[in-house]
Amino acid sequence: MTTKSIDPATRLRGVVHVPGDKSASHRALLLSALADGESRIEGLSPGHDVQSTGVIVEQLGASRVREGSATIVTGPADGLRASDEPLDCGNSGTTMRLVAGVTSGIDGEHLLVGDPSLSQRPMDRVAVPLGRMGATLAGRGERLTAPLRVVGTSRLHGIDYDVPTPSAQVKSAVLLAGLHGDGPTVVRERVRTRATTEIMLAHAGVSVESLDVGAGRRVTLLPGRPRPATWFVPGDPSQAAFFAVLGAVHDDAAIAIDAIDDSPERVGFVTVLRRMGAAIELVGSGHGHGLSARSASLRATTIHASEIPSVDEVPALAVAAAAADGVTSFVGVGELRVKESDRFTGSMALASALGCTVWASGDDFFIEGLGSARKFHSFNQPATLDHRMVMAAAIAGAAGNGCVIDGSETVSTSYPAFFDHLAGLG
Ligand code: S3P
């Protein structure tokens, strides 16, 4: 385990090139592997999570080679096949849930395994709909935690599924399985989660139709095989969020972040931060907007989970709340408890370590901010096996009065160059 000391930064200036979006990277690998022939991916995330998916598509029969900055994936003409070896999803929930969807449509038995953190995360949320489609999934206990055994069949049934808890991973698992359906597959979500899968399926020539219904969405997919494609993966907005918050809470900062996926389900954190008074702009156009973030005095706000579906940005926003004036409420964020670590407890613990008063009620928690990052206490962040908790701690230490982080190597899950990029800002 690696321990890292973060010193307070006096002045932060520069441009950050965040890694390729993790969500788009997993899907680019999987859709390319499902296609018949050669696909090209530019900008793939260098993180271990995406590497896990890359190794798995090879085990399932695709080839994967680097060609300069690109990754070339060739899907076998006769389709993917079961591997004799376990499919190791590492720390990556997205890998396990999406691969559960893909392997549900591949004849034979597949064993999906993960690290100690992933092996505690619920897989029943994908096992239920995939089971209804005709696959058989078995895991440990009531929540069907990994190791997850999937018995797949290339003759699945199309279903109409109303996702009970908003989740892009569950939606995507069902849609990927639906490619092997005997008819249309419909997925309904009550809150619009990231549409990465739908958009990328359409780009690969699959018939997929998406309709906004109130605050939610109905997606209808027809079975079919994705075509080989060229993919340009945009920067990851959930990584940009750490630098956006850092720029906002530090008292002498001007940070720019290069092109990111700026789709509405991904940049809710920008709206939240602006409501708090942050000087954050979406700038430029073309391959997604960039961000610019400058120092500002923040005020408390109420943040509803639906504003930031998937709640990936909560650990960063907890740091913003800690620096804000007043009590910030995080409402309906119970899903945080089943991420790479319990981020509900973790985000509260981080704000508490910074010196804030924090409390919880049901699925909501509250942070009474100190009014300035200057007032943050220096602190020790315990190991969590959770990349986002490490990065949130690091920006709090840099903006405030330093910190010591155990298990800092965990950033390589999604952002291996994170500490270099942070140091590059001064
Ligand atoms: C992801 C979906 C989200 C998110 C994760 C990536 C995806 O999880 O937390 O980092 O790529 O589909 P949920 O689907 O569980 O909300």
Cross-chain or 6+ apart pairs with Cβ under 8 Å, the stretch 66-83 first and basic (Lys, Arg), then modelled with pLDDT of 95 or more and open to solvent by 40 Å² or more (accessible area, probe 1.4 Å): 81/107
Residue 396 is checked against (1) open to solvent by less than 10 Å² (accessible area, probe 1.4 Å); (2) of a type in the set (Gly, Ala, Ser); (3) under 23 Å from residue 143 (Cβ atoms); (4) away from the ligand (no atom under 16 Å from the Cβ) and fails just one. What number does that condition carry? (3)
Looking at (1) assigned to a helix (DSSP H, G or I); (2) in contact with a strand residue (DSSP E or B) (Cβ under 7 Å, 6 or more places away or on another chain); (3) in contact (Cβ under 8 Å) with a residue 24 or more places away in the chain, which is the one condition that is false for residue 27? (2)
Could you list, in sequence order, the residues of the stretch 196-230 that are surrounded by 18 or more Cβ atoms within 10 Å (Cβ to Cβ), in a strand (DSSP E or B) and among the charged types (D, E, K, R)? 217
For the stretch 307-324, name all the residues that are within 11 Å of the ligand (Cβ to nearest atom) and free of Cβ contacts under 8 Å to residues at least 60 places away in the same chain. 308, 311, 314
Could you list, in sequence order, all residues of the stretch 325-356 that are within 16 Å of the ligand (Cβ to nearest atom) and either touching a Lys or Arg at 6+ places or on another chain (Cβ under 6 Å) or assigned by TED's automatic domain parsing to the domain that holds residue 97 (or both)? 336, 338, 344
Filter the stretch 303-361 down to the residues that are assigned to a helix (DSSP H, G or I), within 24 Å of residue 383 (Cβ to Cβ) and hydroxyl-bearing (Ser, Thr, Tyr) and list them by number. 345, 347, 352
Looking only at the stretch 231-259, count how many residues are open to solvent by less than 10 Å² (accessible area, probe 1.4 Å) and either at pLDDT below 95 or of a type in the set (S, T, N, Q) (or both). 2
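The values are calculated or read from the model by the stated rules, or taken from the named source; none is laboratory data. Every value quoted in this text rests on a predicted model; they were computed, and no experiment measured them. Quick reminder, even Gly has a Cβ in these numbers, built from the backbone with ideal geometry, and neighbours come from all protein chains shown. Side chains are part of the model used for accessible areas, which takes the heavy atoms of the whole protein and leaves out ligands, DNA and RNA. Shrake-Rupley method; radii C 1.70, N 1.55, O 1.52, S 1.80 Å.
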